[in-house]
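S.K.: Encoded as structure tokens, here's the structure I'll be asking about.
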There are 2 protein chains.
Amino acid sequence: MWMAELSARSGCSVPTIKYYLREGLLPAGEATGATRAAYDDTHVRRLRLIRALTEIAGLRLETVRQVLHGIDHAESWHEAVGSAHTRLGASPGDDTPPTQASLARVDGMLARQRWELAPGHPQAVQLARALDALDGVGHPVSDRLLDLYAAAMRPVAAHEVLSVLEIADTDVEASVEAAVVGTLLQEPLLLGIRRIAQENVSRGLAEESAET
Amino acid sequence: MWMAELSARSGCSVPTIKYYLREGLLPAGEATGATRAAYDDTHVRRLRLIRALTEIAGLRLETVRQVLHGIDHAESWHEAVGSAHTRLGASPGDDTPPTQASLARVDGMLARQRWELAPGHPQAVQLARALDALDGVGHPVSDRLLDLYAAAMRPVAAHEVLSVLEIADTDVEASVEAAVVGTLLQEPLLLGIRRIAQENVSRGLAEESAET
DNA sequence: GACATTGGATAGTTGTGCTGTCCAATATTG
DNA sequence: CAATATTGGACAGCACAACTATCCAATGTC
């Protein structure tokens, strides 16, 4: 298909597609001449993925490019997820080191869960910085809450990883994409359900106290 | 304290503080003369909250303003959380209606969890749109995963709401802020722990398969 | 051979979140 | 009381991200 059809099928305007090509987010089509290139379904999928990562996961194009690069160059699916996680760890330009106290709390949580993470791992650092930030606004979280989060996420993560594994047998490339998409694009799902759960607990308690 | 001290204590530059004042994010100090105004600890706290909401929760200033307005005007803490949730539901300018199929799936999940949500509630709409987006990129999620998310979030939400309630007895205003902060600023914590859990499950399986 | 489309290059636009500058009115200090 | 410093207020400017628009020569297509 030509540019016009790619635009129609992906929902992106032609200038936007050209912009993504320039920025290296979308691989060039197969050149069939000096002024013509052919695109296929992989380009349509890639465009939809870019839009999803920016609009839903809220990633910036620079981050999207790194994530896509990870998808394209990963040898295995868990390498891809690790790469995506690393890219997402820190917002660019923010290299404030976390406090030792928060790092220790993260290590403690990991130990209690019998989870292992290399010291100085981006995820641990990021988590420690989040703890610092909550301290900074005067709303520190308890270790109990961290453990609760960990306990809640354990079965979720297990299910997610296993469902990606099922695809990995038949199509490694697809499983890499599924892993990254699953991690990033399902975040709003999880958070949305958390909010709904909070509202229900909250309403339940409000009605309860109204009865007394 | 004067402007200079407020700047030093909050970590925001004077022009930035002036900007927030102009934008209505920070209440004006008490005017002690035509060219002087006194600020107090509430202003320091408010500034730190603004920075946390933008830098950590990734909210735009327009959204921060609405959230702060909700905090300041809420009668009760669950009203504040509801208001904050509503503000966060949709990205501005994005009013694509979800498909009926996804709305039905959300309703089904709510019914299975015995959760109640008014029809057309922003949270349900938002969740349905997230499901549509995942379908759009060719990675639909199963009802099983939704249920798993819900089951995982149930105890989390219960604990979070209860810990806010404990404060509510002594200080309603503080509990309102705690509810909003807890909902928004603890999101990175939850997601970070989920990523760590995924990596551990993934690494465990990778080692396991390496042994065979 | 006329006409539309493409790729490539370049410049312009919009929105967001600050920053910088200026000034008159005041405090503060000596 | 005078010199100096600081403040609030208004306004313009800047940097970045993500497009969007325009132009053009080469090339397909009919």
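S.K.: Taking the condition of a type outside the set (Ser, Thr, Tyr) and over 30 Å from A:Asp143 (Cβ atoms), does B:Asp107 pass?
M.R.: yes
S.K.: Next question. Regarding the range B:166-178, can at least one residue be identified that is touching a helix residue (DSSP H, G or I) at 6+ places or on another chain (Cβ under 6 Å), within 7 Å of another protein chain (Cβ to nearest Cβ) and crowded, with 18+ Cβ neighbours inside 10 Å? Show your work before the answer.
M.R.: Of the residues in the range B:166-178, the ones touching a helix residue (DSSP H, G or I) at 6+ places or on another chain (Cβ under 6 Å) are B:167-168, B:174-178.
After this cut, where a residue has to be within 7 Å of another protein chain (Cβ to nearest Cβ) as well, the list is B:178.
Subsequent filtering for residues that are crowded, with 18+ Cβ neighbours inside 10 Å retains B:178.
Looking through the range B:166-178, at least one residue is touching a helix residue (DSSP H, G or I) at 6+ places or on another chain (Cβ under 6 Å), within 7 Å of another protein chain (Cβ to nearest Cβ) and crowded, with 18+ Cβ neighbours inside 10 Å.
S.K.: Moving on. List every residue pair whose Cβ atoms sit under 9 Å apart, with the two residues 6 or more apart in sequence or on different chains, where the first one lies in the range B:1-13 and is at negative phi and within 14 Å of chain A (Cβ to nearest Cβ) and the second, anywhere, is part of a loop (DSSP other than H, G, I, E, B) and within 12 Å of DNA strand D (Cβ to nearest atom).
M.R.: B:Arg9/B:Met1
S.K.: Continuing with this model, one more query. Restricting to the range B:1-23, name every residue that is within 8 Å of DNA strand C (Cβ to nearest atom), of a type in the set (S, T, N, Q) and surrounded by 15 or more Cβ atoms within 10 Å (Cβ to Cβ).
M.R.: Scanning the range B:1-23 gives a single hit, B:Thr16.
S.K.: Report, by residue number, each residue of the range A:179-192 that is touching a residue at least 24 places away in the same chain (Cβ under 8 Å) and within 8 Å of chain B (Cβ to nearest Cβ).
M.R.: Of the residues in the range A:179-192, the ones touching a residue at least 24 places away in the same chain (Cβ under 8 Å) are A:179-181, A:183-188, A:190.
Residues satisfying the conditions are A:Val181, A:Thr183, A:Leu185, A:Gln186, A:Glu187, A:Pro188, A:Leu190.
S.K.: Right, something else. Going by what's in this entry, would B:Val81 be described as β-branched (Val, Ile, Thr), farther than 27 Å from B:Thr16 by Cα, in contact with a helix residue (DSSP H, G or I) (Cβ under 9 Å, 6 or more places away or on another chain) and at the interface with chain A (Cβ under 7 Å from one of its Cβ atoms)? Step through it out loud before you land on a result.
M.R.: Details: β-branched (Val, Ile, Thr): yes; farther than 27 Å from B:Thr16 by Cα: yes; in contact with a helix residue (DSSP H, G or I) (Cβ under 9 Å, 6 or more places away or on another chain): yes; at the interface with chain A (Cβ under 7 Å from one of its Cβ atoms): yes.
So B:Val81 fits the description; yes.
S.K.: Under 7 Å between Cβ atoms, at least 6 apart or on separate chains: pull out the pairs that start in the range A:129-158 with a residue that is at the interface with chain B (Cβ under 7 Å from one of its Cβ atoms) and closer than 21 Å to B:Glu177 by Cα and end on any residue that is assigned to a loop (DSSP other than H, G, I, E, B) and among the hydrophobic types (A, V, I, L, M, F, W, C).
M.R.: Short answer, once both residue conditions are applied: A:Ala130/B:Ile56; A:Ala133/B:Ile56; A:Leu134/A:Val141.
S.K.: Name, by its number, the condition in (1) in contact (Cβ under 8 Å) with a residue 12 or more places away in the chain; (2) within 14 Å of chain A (Cβ to nearest Cβ); (3) within 12 Å of DNA strand C (Cβ to nearest atom); (4) of a type outside the set (Ser, Thr, Tyr) that does not hold for B:Leu26.
M.R.: All conditions are met except number (2).
S.K.: Determine, yes or no, whether A:Arg195 is of a type in the set (Lys, Arg) and within 7 Å of chain B (Cβ to nearest Cβ).
M.R.: Details: of a type in the set (Lys, Arg): yes; within 7 Å of chain B (Cβ to nearest Cβ): yes.
Yes, satisfied.
S.K.: Only one of (1) within 18 Å of A:Arg195 (Cβ to Cβ); (2) in contact (Cβ under 8 Å) with a residue 40 or more places away in the chain fails for B:Val172. Which number is that?
M.R.: That leaves (1) as the condition not met.
S.K.: Here is a follow-up. Within the range A:117-212, which helices (runs of 4 or more DSSP H) (wholly inside it) include 2 or more residues that are within 30 Å of B:Glu207 (Cβ to Cβ), under 16 Å from the mean Cα position of the chain (by Cα) and of a type in the set (Ser, Thr, Tyr)?
M.R.: Numbers: elements: A:122-136, A:143-168, A:172-185, A:187-211.
By residue number, A:172-185.
S.K.: Of all residues being assigned to a loop (DSSP other than H, G, I, E, B), surrounded by 19 or more Cβ atoms within 10 Å (Cβ to Cβ) and within 13 Å of DNA strand C (Cβ to nearest atom) in the range B:30-71, which is nearest to the other protein chains (Cβ to nearest Cβ)? Just the residue, please.
M.R.: In the first step, residues of the range B:30-71 are kept if they are assigned to a loop (DSSP other than H, G, I, E, B); the result is B:34-35, B:39-40, B:56-60.
Next, only the ones that are surrounded by 19 or more Cβ atoms within 10 Å (Cβ to Cβ) stay: B:39, B:56-57, B:59.
The next check asks that each one be within 13 Å of DNA strand C (Cβ to nearest atom); those that pass are B:56-57, B:59.
Working: B:Ile56: 5, B:Ala57: 10, B:Leu59: 10 Å.
Only one residue tops the list, namely B:Ile56.
S.K.: Let me ask something else about it. Confirm whether A:Gly82 is away from DNA strand D (no atom under 14 Å from the Cβ), under 27 Å from A:Ala118 (Cα atoms) and in contact (Cβ under 8 Å) with a residue 40 or more places away in the chain. Working first, answer last.
M.R.: Working: away from DNA strand D (no atom under 14 Å from the Cβ): yes; under 27 Å from A:Ala118 (Cα atoms): yes; in contact (Cβ under 8 Å) with a residue 40 or more places away in the chain: no.
For A:Gly82, the condition - away from DNA strand D (no atom under 14 Å from the Cβ), under 27 Å from A:Ala118 (Cα atoms) and in contact (Cβ under 8 Å) with a residue 40 or more places away in the chain - is not met.
S.K.: Do we find that B:Leu190 is touching a Lys or Arg at 6+ places or on another chain (Cβ under 8 Å), under 28 Å from A:Leu88 (Cβ atoms) and crowded, with 20+ Cβ neighbours inside 10 Å in this structure?
M.R.: Numbers: touching a Lys or Arg at 6+ places or on another chain (Cβ under 8 Å): yes; under 28 Å from A:Leu88 (Cβ atoms): yes; crowded, with 20+ Cβ neighbours inside 10 Å: yes.
Yes, satisfied.
S.K.: Ok, one more. Being acidic (Asp, Glu), more than 12 Å from DNA strand D (Cβ to nearest atom) and under 27 Å from A:Gly58 (Cα atoms) is the filter here, so list the residues in the range B:1-59 that pass it.
M.R.: Hit for the range B:1-59 is B:Glu55, nothing else.
S.K.: Among the residues of the range A:193-212, write down those that are of a type in the set (Lys, Arg) and either crowded, with 22+ Cβ neighbours inside 10 Å or in contact (Cβ under 8 Å) with a residue 12 or more places away in the chain (or both). Walk me through how you get there before you give the answer.
M.R.: Within the range A:193-212, the subset of a type in the set (Lys, Arg) is A:194-195, A:203.
Matches in the range A:193-212: A:Arg194, A:Arg195.
S.K.: Is it true that A:Leu162 is at pLDDT 85 or above and more than 28 Å from B:Gly182 (Cα to Cα)? Step through it out loud before you land on a result.
M.R.: Numbers: at pLDDT 85 or above: yes; more than 28 Å from B:Gly182 (Cα to Cα): yes.
Here the answer is yes, as A:Leu162 does meet what is asked.
The values are calculated or read from the model by the stated rules, or taken from the named source; none is laboratory data. All of these numbers come straight from a predicted model, not from anything done at the bench. For neighbour counting, all protein chains shown are included, and Cβ atoms are generated from backbone atoms with ideal geometry for every residue, glycine included.
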